[in-house]
Amino acid sequence: MGNWIQVVGPQHALQLFGIRLVGVDLVNAKKLLFSVVLVAFLLLLRQILGFLSRRSASLAYHRVEFWLRQTTSIAVAVIGLIGLLSIWFDNPARLTTALGLVTAGLAFALQRVVTAFAGYLLILRGNTFHVGDRIVMGAVRGDVIAIGFLQTTIMEMGQPPSVQSADPDMWVKGRQYSGRLVSVTNAKVFDDAVYNYTRDFPYIWDEMSLPVPYNSNWTAARQVLLDAAKTHTVNASQLSEASLTILDERFALKRAEIEPSVFVRLTDNWIELSLRFLVQTHGVRDVKSRMSADILAGFDQLGLSVASGTYDIVGLPPVRVEMVDKNGAPASNTFHS
């Protein structure tokens, strides 16, 4: 047994059946032990810092917790990388060679991974979106619940009727959660446009279109729509001064443009009334449902109706009906119309 396994040389290399195993020696064993201890320490440190960040952020805004987690993860990763490099590459010449090989391998085999990590840096540095923002990224609509080094996790939501034909197909016909968590690679920020519904200004403009007949009181119908919008949607008096400043300075919009308005359009079949209003990004479907109920009640009270496609039959050709007996012979009864 002693002849099969031997420790030889000044570095105490392991020799098996007379063959010296490359890299298996006492020095590398110590390095491996130090590496295991370092990784275990960093994992424990990350757990402790994560617990402290959750405790400290429980009384503050949820974005504080997100930034604490991101800072902790990056700091632990940097310390771990520097520590492992210091343990295994004590010779600068060996470190340069290893870095050159690693860089070449990454450039060839891990292009998408590197691109995804670069997308992560762009998301954070470019303030593209944060946890809690409602976005469209990579054809996925929903709220961001996590941002990782390589992927962003989104709580998917349905699609309003106007975009029901968009991919992927959805069974939820409104901007409400579908229950699916979707992981999207961060590399999508370089390939597709990212739509953010809540960045800087947590409101969006929405519309409802309603057709009314030409022979109806369309001015009364217009007022019903305006009353419903003023009751349930956001007006200038409800916005904070900070939001109004953002509108004035960044978007160059006047406060008068916030108020609900109805646009009238003439078509071949009816008068189309388009109601434009400002609403908070979350809860749009509930707001539009309450507005629709008020509009229907207002129409019933004023005797108004909603237009629909109809056809008028102006004439019919003559119709002759002949009766036959059971043998197929013509009967005496014949009707004309």
Out of L304, L273, report the one residue that is in a loop (DSSP other than H, G, I, E, B), modelled with pLDDT of 90 or more and under 30 Å from I204 (Cβ atoms).
-> L304
Inspect region 200-217 for any residue being out of contact with any strand residue (DSSP E or B) (no Cβ under 9 Å at 6 or more places or on another chain), in a helix (DSSP H, G or I), modelled with pLDDT of 90 or more and under 26 Å from L296 (Cα atoms) and give the result as yes or no.
-> no
Checking W171 against (1) more than 19 Å from R276 (Cβ to Cβ); (2) modelled with pLDDT of 85 or more, which single condition isn't satisfied?
-> (2)
Return yes or no: is I135 aliphatic (A, V, I, L, M), closer than 26 Å to E207 by Cα and at pLDDT 85 or above?
-> yes
Within region 204-235, which residues are farther than 25 Å from A307 by Cβ and either surrounded by 18 or more Cβ atoms within 10 Å (Cβ to Cβ) or of a type in the set (S, T, N, Q) (or both)?
-> V234, N235
May I ask you to verify whether L253 is surrounded by 12 or more Cβ atoms within 10 Å (Cβ to Cβ) and at pLDDT 90 or above?
-> no
Restricting attention to region 86-96, does a residue exist that is surrounded by 15 or more Cβ atoms within 10 Å (Cβ to Cβ), over 15 Å from the mean Cα position of the chain (by Cα), modelled with pLDDT under 90 and not in a loop (DSSP other than H, G, I, E, B)?
-> yes
Every pair of residues 6+ apart whose Cβ atoms lie under 8 Å, when the first sits in region 116-130 and is of a type in the set (A, V, I, L, M) while the second is surrounded by 15 or more Cβ atoms within 10 Å (Cβ to Cβ) and not in a loop (DSSP other than H, G, I, E, B) = A116/Q151; A116/T185; L122/V189; I123/I147; I123/T152; I123/V189; L124/Q70; L124/I147
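The values are calculated or read from the model by the stated rules, or taken from the named source; none is laboratory data. These numbers were taken from a predicted model, which means no experiment stands behind them. We place every Cβ from the backbone using ideal geometry, glycine too, and count neighbours over all the protein chains shown.
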